[in-house]
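Each reported figure results from applying straightforward, stated rules to the coordinates on display, with no laboratory input. Keep in mind that what you see is a predicted model, and the values were worked out from it rather than measured. Cβ sites come from the backbone with ideal geometry, for glycine too, and all protein chains shown count toward neighbours.
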Amino acid sequence: MKKAVIFGLAFAAIVYIALLSYVLIISMPSKEESKEKWIETEKEKEISFAGMDVCRECHFETYKVLMSGNHSTVSCEACHWVGKEHVIKKDAESVKIKRNESWDLCLKCHLKTPANKIKTIIPSEHAKGLYCVVCHEPHK
Amino acid sequence: MKRRDFIKLIATLTISAPIVKALTTQEQETDKSYAFVVDVNKCIGCGNCVIACKVENDVPMDLPIARTWVEGYSIDENVPLSKTKVQKIVMNTAKNPFLDKKNWRYSKNFLVPKLCNHCANAPCVNVCPVYARFHTKEGVVLVDKNTCIGCKYCIVACPYGATFLNPEEKVTDKCTFCFHRITKGLKPACVEVCPTGARSFGDLNDKESIVYKILKEKEFSVLKPEEGTLPRVFYLGLEEYLVE
């Protein structure tokens, strides 16, 4: 009789300790581990936009002009777009804006729409047939 | 007597368990707490953010799913409020609907850029059955795509509609504040390309950061405060009652 009680209690204790250790040791770290692993995966993702600090390293003169003008809030890659390739190859091709593209590019922001509060134009009434860069210096 | 001892032992174990746990799993405290500020009055609807986000994070460009998107509201204000007419325009692909004048039907017009709010009390984290969604130390909500099973509970739970199913990967996806960029000291892609500075990002614990300064000086609001989600995205100049 006594033996059976001790045996039962021992069994209960084993089950209790096993459950407790599962909760404390096994389950928590395994969940944490997969999170840590995912955070590492997320960090390793490739960067496309290099950021203005990188542009400034080489193009400091242009940067100074840009910062002193009306376009001071506009970062380089807002117009020149993804700088990933240019940073590695240092060629003009991937970030160059052609003269005939300037019309589309400038109008992305400077087209008159009901919700636009910056200086805007109506294309049919403003210097039709000319490229924007003929009159306006985009870095100023 | 033996039984009493055993009960004592169990009681000691139960009480000591949380203490032991607290001592052993002491987390390294980080000093960063990221926040995002959107100035509604500065948004001009160029759509740079939407396209840049899709490029940076490999979201399909032509499908109407986006980690960040811009909503245009055209409003015919009437009293009482229930008679006010609101027309909503959404830009979530490379095509910009704001440039078309016909889309703006009424007199009062404004734009609201939106993204995942990285709520401190995030419904998507709470409902995820496989614990794929979690908070990082910095307060960013991430989706573990290896664990996610694509059950879409989070899509239903999110009051902001900020999460979506990526049809190529068959798992849910959402804004991560460009986690791969911010951990390297860069700005998120949408902040980088915003030409008017309508979006700003920074660390709330850093007193020199731009978001700290803005939130200290100006009056701000959050989207759907009644949901109790405690968002990390703050809006300046937002007329909340008009925004969905």
Under a Cβ-Cβ cut-off of 15 Å, what is the net charge of the residues other than A:Lys43 that fall near it, where Lys and Arg count +1 and Asp and Glu count -1? 0
Using θ = phi - 60° and Karplus 6.51 cos²θ - 1.76 cosθ + 1.60, couplings along region A:7-14 (whole Hz; Gly, Pro as x): 4, x, 5, 4, 4, 4, 5, 4
Taking just the C-alpha trace of region A:77-140, give me its Rg and Dmax in Å. 13.9, 42
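Counting only other chains, and only Cβ atoms inside 10 Å, what mean value do you get across the residues of B:134-146? It would help to have the intermediate numbers written out before the result.
Values: counts 6, 1, 5, 1, 0, 0, 2, 0, 5, 2, 8, 3, 4.
Average per residue, whole number: 3.
Pulled fully out, how much extra length does the chain show between A:Arg56 and A:Ser68, if you take 0.36 nm times their separation in residues and subtract their Cα-Cα distance?
On the way: separation 12, 0.36 × 12 = 4.32 nm, distance 1.42 nm.
That works out to 2.9 nm of additional length.
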So, counting K/R as plus one and D/E as minus one, what does the shell of residues with Cβ under 12 Å around B:Arg199 add up to? +1
Tell me the relative contact order for region A:49-95 as a rounded percent, counting alpha carbon contacts under 8 Å between residues six or more apart. 41 percent
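How would you classify region B:99-244 from its alpha-carbon gyration tensor, with a ≥ b ≥ c the square roots of the eigenvalues: rounded for a/c under 1.5, else prolate if a/b is greater than b/c, otherwise oblate?
Numbers: a/c = 1.60, a/b = 1.23, b/c = 1.31.
Since a/c reaches 1.5 but b/c is at least a/b, the shape of region B:99-244 is classed as oblate.
Under the definition of partner shielding as Cβ atoms of other protein chains within 10 Å of a residue Cβ, what is the mean value for peptide B:187-194?
On the way: counts 5, 1, 6, 1, 2, 10, 9, 4.
Shielding by partners across B:187-194 averages 5.
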Where in region A:72-120 are there GluC sites (Glu not before Pro) that are in a DSSP coil and have at most 14 other Cβ atoms within 10 angstrom of their Cβ? A:Glu93
Could you tell me the largest-minus-smallest coordinate of the C-alpha atoms of the protein assembly as shown on each of the three principal axes, in descending order and whole angstroms? 105, 59, 42
Sequence ranges A:120-130, B:178-188, ranked by mean other-Cβ count within 10 angstrom, highest first: B:178-188, A:120-130
Using alpha-carbon positions, the gyration tensor of region B:48-100 gives root eigenvalues a ≥ b ≥ c; with a/c under 1.5 called rounded, otherwise prolate if a/b exceeds b/c, else oblate, the class is prolate
Work out the charge dipole of chain B with +1 on the Cβ of Lys and Arg and -1 on the Cβ of Asp and Glu about the Cα centre, then indicate which of B:Phe220, B:Gln87, B:Cys154 is farthest towards its positive end. B:Cys154
Simple label model, 7 Å out from Cα along Cβ direction - B:Glu244 to B:Asp5, nm: 7.0 nm
Applying the span-like rule to chain B (DSSP H, Cα extent along axis at least 15 Å, Kyte-Doolittle mean at least -1.0) gives B:2-24
Can you tell me the 0 to 90 degree angle between the C-alpha axis of helix A:28-43 and the longest principal axis of chain A, rounded to 10? 20 degrees
At q = 0.12, 0.16, 0.19 Å⁻¹, what log₁₀ I(q)/I(0) does chain A have when each alpha carbon counts as one equal point scatterer in the Debye sum? -0.71, -0.98, -1.18
I want to verify a result. In a Gaussian network model of chain A, Cα cutoff 10 Å, which of these has the top mean-square fluctuation: A:Ser68, A:Ser94, A:Ser102? A:Ser68
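Taking the mean number of other Cβ atoms within 10 Å as a proxy for protection, how do you rank B:106-113, B:138-145 from highest to lowest?
Numbers: B:106-113: 19.0, B:138-145: 20.6.
Packing order, densest peptide first, comes out as B:138-145, B:106-113.
Taking the mean number of other Cβ atoms within 10 Å as a proxy for protection, how do you rank B:72-78, B:171-177, A:52-58 from highest to lowest?
On the way: B:72-78: 16.7, B:171-177: 22.9, A:52-58: 15.1.
Result, highest mean Cβ count within 10 Å first: B:171-177, B:72-78, A:52-58.
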B:Lys207: which lysines have alpha carbons under 18 Å from its alpha carbon, excluding same-chain residues fewer than 8 sequence positions away? B:Lys32, B:Lys187, B:Lys216, B:Lys218
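Dividing the Cα radius of gyration by the Kirkwood radius, what Rg/Rh value follows for chain B?
Values: Rg = 21.9 Å, Rh = 20.1 Å.
Ratio value, two decimals: 1.09.
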Per the Debye formula with a single identical scatterer at each Cα and no solvent contribution, what log10 I(q)/I(0) holds for region A:49-95 at q = 0.19, 0.26, 0.28, 0.31 Å⁻¹? -0.57, -1.01, -1.13, -1.27
Give me the net charge for the shell around A:Ile121: Cβ to Cβ below 15 angstrom, other residues only, Lys and Arg +1, Asp and Glu -1. +4
Give me the inter-chain shielding for A:70-80: mean count of other chain Cβ atoms within 10 Å, whole number please. 4
